[in-house]
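The values are calculated or read from the model by the stated rules, or taken from the named source; none is laboratory data. Treat the numbers as computed from the prediction; the structure is a model and nothing was measured. With ideal geometry, Cβ positions are generated from the backbone for all residues, glycine too; neighbour counts draw on all protein chains shown. For the accessible areas, the whole protein counts, side chains as well, though only heavy atoms, and no ligand, DNA or RNA atoms are used. Shrake-Rupley method; radii C 1.70, N 1.55, O 1.52, S 1.80 Å.
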Amino acid sequence: MNEVPVTLWVNGQTYAVRVSPRKLLSDVIREDIGLTGTHVGCEHGVCGACTVWVDDRPTRSCLMFAIQAEGHAVTTIEALAQHGQLNVLQQALHEEHGLQCGFCTPGIVMTMEAYLHEHPNPTVDDIRDALSGNLCRCTGYQNIVAGVQKAARVFAQNSSGATSAAGNESTHLSEGGREYV
Amino acid sequence: MSDAVLDSAVHHQTFTAIGQSMPRVEDYRLLTGTAKYLDDIEVPHALHATFVRSPYAHARIFRIQTDQAMAVPGVVAVVTGQDLARWTQPARMAPPIEGLFPMEMTTLPIDKVRFDGDPVACVVAADRYTAEDAAELVMVEYEVLPAVTDMFAAAEEGTPLVDETLSSNLVSHQTYAKGNVAGRFAEADVIVEATFSQHRQTHVPMETRGCVAVWDDGRQHLTFYIGTQVPHPMRTTLAARMGLKETQVNVISPDIGGAFGQKIALYREELTVAALARELHRPIRWREDRMENLRAASHAREDFVKTRAAVTKDGRILALHADLFSDFGAYSFFPANYMIRVVAMLLPGPYKIQDYSYEVKVALTNKCPAGPMRAPMAIASWVTEGTIDAVARKLKLDPVEVRRINMLKQDDLPYLTATTELYEDITPRETLDRAVHSFDYHVRRKEQERLRVQGKYRGIGICSVIESTTYGSEFYRKAGISGTGHEAAWVRIEPTGVVNASAGIMGSGQGYETVMTQAVADGLGCNPHDVAIHLGNTLLAPYGMGSRGSRGAVAGVGTTFLAAQQARIKVLAIAAHLLKLRSSKDLQLTDGQVVLETDGQWRPTGLNLRDIAQTAYLNPLALPDGMEPGIEAHVAYDPPAMTYSNSTHICEVEVHLDTGVISVGPYLVVEDAGTMLNPQLVEGQLLGATALGIGGVLFEHVVYDENGQNLTASLMDYLLPTAVETPEIQMIHMGTPNHRTPAGIKGMSEGGVMGAIGAVCNAVSDALSPLGIVVEQQPLSPSYIKSLVKKASKTAR
Ligand code: FES
Ligand code: FES
């Protein structure tokens, strides 16, 4: 199939690629742009593993063609940790053991990070509802819920709601020098 | 490894790192999207493979026309079973087990297909999109044969044969008897019968299967990337089937997005990809889509059990007989009796039943082949505990009382079961009592009565689990299955005093790198920050049996602990020499510092692990006479024939009669997994296993129609539990160490599945008992529940 030029704006950078018009956004992000943190678990819109933000809205990248993303800002999991430091939600999931194999994790982080921005004070039932579009086969969800709750608490404490900097609740896991709490 | 090392490992009591909820070292890469799963590995110029699959459950292959597909630009090859037969060896499954017929399969089917989704051809193209387009153009002419979809019918005379080299679809049939079962039945006051029918399910790891094969023609060497639980056995099998030496193959397992037993066998697609890479002299990759995964990877759990118990009128079980039947699907990737045999072995459970007999049959059908799925013996606890509940119902006794009357107590241990399994260091009575107490069982019973008057159907279910975790070589020998239970590990202290370590196990989410780090830190006496664990590369890791069952903890981490202890012996010997001490007996390595005991006090010596390592590598002349330079320990360890964990699950459910919907919770698990390597990870495993069990009972179901068409090949049809349906689970730990294993580890991670199935099913039967309903089959779907209620109200009228 003929390839067409597409310009994508991903994590604040411009990528000019040539792809077939039917190529999924998930595949282009992974194969043509080389950001493999976005995972593909079903390719039919059920599992949520491929969730990215398109203009800050969580979107299943397996249900979109890359050409449809032209002119929009795409954000992937790779953009969340800054300077080798996990963000508040990532850190909370780490502390609460909210991930095992980690395959579902990027999709869950992208979904719940966006959710917490709009719902700073969720109940456990709210969190479970918001999470219900993301499948996890390993954890039984309980520790993911605990992690999201913890992140919500840290956001509330930092009340500004800024999520790019990590909270000060506890030691951080960072690249290279690992810390154990 | 010397006996002294094992002995000190078993009796090692003070831990600093083991037993801590150390946050996982794996997490950073997984949370930031920088982990490398199979499909994230970039291989330049790799071609993509895709498979043409049979739309029929059972059909003869007449002709495969590939020219149209070959004509698609970008297509490099289209190959069939005939081609693969020239390049690879067939797989023969023929363990010398009485009553088990040998089976053989080619790499891709040649004459006929045996299930909906059976791969018949492979298309290789420049990219996946093109390969899939071309696969649609491969024309296969079939003659459709009658499909065998029901295991009971399959075993009957005159049914079409799934495997025409056999004389019957009944591929395995064994009987067993211990004690005087007939005599006990003659003495019984009552005979209680119960049936249990479990439905077909599948693993659904969030990452599907896949592989990348890179053939180096100059070196005649294959590098095979694949998410596998068992890197070394995978290498052995792959080399053999390709006619290569094991020196010509390296298996590398990247991060795995869940496995649950589905990533053990060498599948036919994977072998095809490896063979094609060699034939085409091009790197080839394959990743299946979700539909293929649900339809053609591996299925599990389709078991049927009927029990008969001989019981006294006060509820004592004198004897038990069980008839077991299992649907094995179309091909043999494992010995056909492998999984159901363990169910039969475990059925007496935590109860004193010495008179026990069973008959176990396994049939082939035109369905996806069966394989072990997290707790392959999952049905066992439901059967045992469901039988106990049936006894209680029949005699109008409290189910807890019937359990107590029959259950093993500490005085009975060690206990040799009717199936010659040795139970030691287990606490079934303790977990039961604790569960009943902590759950306010008696208060809830009263509440249940009260609610029933208001038309609310609540039920309480209890399931005590005896979980076989680590299978030692002796177990395999007894079972007549080839394979061993040992594991191997190495620990190497590098010149700067940091530590690399490896073992043959491969993780798929369990957190092995973390618990192995803890084990090395404690076994050696160093800081966990200085330890790095390397798994999954067969050139790096020692040959081990990989990850299956719940052997990771005892076999994998236990062996690593032993290797670290072995390394410590050398470290301390060098330290003693440098300190001019006669022996190292008063020395210890703590947090990387060498300390000396004088007058009951540990005092610093000024030496640390780095100093010792520098000496060992860079100043060998300063070492004790005759000692080799370097510090490296390599240990192999064979665990006891079997280790057991135990637990009691107790939960409440409410059944909504109008909709058939079941809500589960509260839910409590009291478990005893021995020494916990990392309590947070133990809880994580327990939560995951319990959720998987609950999902299986309530939602998940592989459905075939009468023609053998798979009706559940998308995640919209095969329903996994979400965060909304999965209940909150409370946990209590007992922590009774196993006295034979390193650090008292027992292993766990499958028992949660077993307990959940039994507890939820028993609770639903309890809830519906006023209507005279007992659930005898899963899944407990709303339509099944409604049909039971409807039938019951008809009979009542
Ligand atoms: S891969 Fe997109 S929802 Fe599953
Ligand atoms: S952590 Fe494995 S699927 Fe969620």
### Task
Run the 1.4 Å probe and let me know the accessible area of B:Arg603, rounded to the nearest 10 Å².
100 Å²
#### Entry: For a label point 7 Å along the Cα-to-beta-carbon line of B:Ser769, residues of the stretch B:424-450 with backbone N under 12 Å
B:445-446, B:448-449
### Task
Please report how far the C-alpha centroid of the stretch B:31-76 lies from that of the stretch B:240-263, rounded to the nearest whole angstrom.
19 Å
### Query
Quick one: which of B:744-754, B:764-774 comes out on top by average Cβ neighbours within 10 Å, and what's the full order, highest first?
B:744-754, B:764-774
### Query
Label B:Leu581 and B:Ala153 with points 7 Å out from Cα along Cα→Cβ: what is the distance between them in nm?
7.6 nm
#### Entry: Shielding by partners, peptide B:720-731 (average Cβ within 10 angstrom, other chains)
6
### Message
For B:Ser197, B:Ser172, give me the order by solvent-accessible area with a 1.4 Å probe, most accessible first, ignoring ligands, DNA and RNA.
### Response
B:Ser197, B:Ser172
### Cα→Cβ-extended label distance, 7 Å offset, between B:Glu164 and B:Thr795, nm
4.6 nm
### Query
Tell me, what HN-Hα J-couplings in whole Hz come from the Karplus equation 6.51 cos²θ - 1.76 cosθ + 1.60 at θ = phi - 60° for each residue of the stretch A:45-61, using x for Gly and Pro?
x, 9, 7, x, 5, 8, 5, 10, 9, 10, 6, 6, 9, x, 9, 7, 6
### Task
Sort all Cα-Cα distances of chain B into consecutive 10 angstrom bins from zero, then give the percent of pairs in each bin up to the one containing the longest distance.
3, 13, 22, 24, 19, 12, 6, 2, 0, 0
### Built amide H within the under 5 Å cut-off of B:Tyr331, gap 5+
B:Ala370
### Query
Which value, in Å³ per residue, describes the convex hull spanned by the Cα atoms of the protein assembly as shown?
185 Å³
#### Entry: the stretch B:212-323 - Debye-derived log10 I(q)/I(0), Cα point model, q = 0.09, 0.20 Å⁻¹
-0.39, -1.06
### Summary
Output for the stretch B:140-229: trypsin sites (Lys or Arg not before Pro) sitting in coil per DSSP, at most 10 other Cβ within 10 Å, listed by number, reads B:Arg219
### Query
How do B:Glu628, A:Glu31, A:Glu96 rank by accessible surface area computed with a 1.4 Å probe, from largest to smallest?
B:Glu628, A:Glu31, A:Glu96
### Query
What does the average come to when, for each residue of peptide A:88-94, you count the partner chain Cβ atoms lying within 10 Å of its Cβ?
3
### Summary
Straight-line reach check, B:Lys580, cutoff 20 Å on alpha carbons, 8 or more apart in-chain or any other chain, hits among lysines -> B:Lys570
### Task
Give the residue from B:Ser381, B:Pro348, B:Pro335 lying farthest towards the positive end of the charge dipole for the stretch B:233-387; charges sit on Cβ (+1 for Lys and Arg, -1 for Asp and Glu) and the dipole is referred to the Cα centre.
B:Pro335
### Message
Given all pairs of different Cα atoms, what value in angstroms does the Kirkwood hydrodynamic radius of the stretch B:419-521 take?
### Response
19.2 Å
### Point-charge dipole on Cβ atoms (K/R +1, D/E -1) for the stretch A:1-143, about Cα centre, debye to 20
360 debye
### Task
Determine the residues within the stretch B:198-212 where the difference in accessible area between the chain on its own and the full set of protein chains amounts to at least 40 Å²; count protein heavy atoms only and use a 1.4 Å probe.
B:Met206
### Task
Write out the GluC sites (Glu not before Pro) in the stretch B:85-193 meeting two conditions: DSSP loop, and at most 11 other Cβ atoms within 10 Å of their Cβ.
B:Glu98, B:Glu157, B:Glu164
### Message
If amide hydrogens are placed 1.01 Å from N in the peptide plane, which non-local residues have theirs closer than 5 Å to the one on B:Ile732?
### Response
B:Val669, B:Val670, B:Glu671
### Task
Of the listed pairs B:Lys394/B:Lys794; B:Lys456/B:Lys794; A:Lys23/B:Lys367, which have alpha-carbon separations greater than 24 Å here?
A:Lys23/B:Lys367
### Message
Just to verify a number: what accessible area does B:Leu266 come out at with the full protein assembly present, 1.4 Å probe, Å² rounded to tens?
### Response
20 Å²
### Heavy-atom accessible surface of the stretch A:4-79: percent carbon and sulfur, 1.4 Å
52 percent
### Task
Report, to the nearest whole %, how much of the accessible area of chain B belongs to carbon and sulfur atoms, 1.4 Å probe, protein only.
51 percent
### Task
Give the long-range amide H neighbours of A:Val19: residues separated by 5 or more places, or on another chain, with amide H under 5 Å away, using H modelled in the peptide plane at 1.01 Å from N.
A:Val4, A:Val6
### Query
Considering only DSSP states other than H, G, I, E and B, which trypsin sites (Lys or Arg not before Pro) in the stretch B:282-328 qualify as loop sites with at most 12 other Cβ atoms within 10 Å?
B:Lys313
### Message
Counting only other chains, and only Cβ atoms inside 10 Å, what mean value do you get across the residues of B:18-24?
### Response
4
### Message
Residues of the stretch B:492-540 that become at least 30 Å² less accessible with every protein chain present than in their own chain isolated, using 1.4 Å: which are they?
### Response
B:Gly509, B:His529
### Query
In percent, how large is the relative contact order of chain B, given Cα pairs closer than 8 Å and 6 or more residues apart?
16 percent
### Query
Stretch B:Leu618-B:Arg60 to full length: gain in nm at 0.36 nm per residue minus the Cα-Cα span?
194.0 nm
### Task
Can you tell me the FRET efficiency between B:His221 and A:Asp32 if r is taken as the Cβ-Cβ distance and R0 is 35 Å, rounded to the nearest 0.05?
0.70
### Message
If I model a spin label as a point 7 Å beyond the Cα along the Cα-Cβ vector, how far apart are those points for B:Glu449 and B:His634 in nm?
### Response
6.9 nm
#### Entry: B versus A: buried accessible surface, summed, Å² (probe 1.4 Å, to nearest 100)
4800 Å²
### Message
Before I look further, what does chain B give for accessible area per residue, probe 1.4 Å, in whole square angstrom?
### Response
35 Å²
### Query
Using unit Cβ charges (K, R positive; D, E negative) and no other charged atoms, how large, in debye to the nearest 20, is the dipole of the stretch A:4-79 about its Cα centre?
140 debye
### Message
Suppose the chain between B:Arg477 and B:Ser8 were pulled fully straight at 0.36 nm per residue; how much longer would it get relative to their current alpha carbon spacing?
### Response
166.1 nm
### Message
For a 31 Å ceiling on Cα separation, which of these pairs sit above it: B:Lys178/B:Lys446; B:Lys263/B:Lys352; B:Lys446/B:Lys786; B:Lys178/B:Lys786?
### Response
B:Lys178/B:Lys446; B:Lys263/B:Lys352; B:Lys178/B:Lys786
### Task
With all protein chains present, calculate the accessible area of A:Glu43 using a 1.4 Å probe and round the result to the nearest 10 Å².
50 Å²
### Dipole axis of the stretch B:502-629 (+1 Lys, Arg; -1 Asp, Glu on Cβ), positive-most option in B:Val594, B:Asn537, B:Thr517
B:Asn537
### Message
Compute accessible area for the stretch A:126-146 by itself and then with all protein chains, 1.4 Å probe, and report residues whose area falls by 10 Å² or more.
### Response
A:Arg128, A:Asp129, A:Ser132, A:Leu135, A:Arg137, A:Cys138, A:Thr139, A:Gly140, A:Tyr141, A:Gln142, A:Asn143
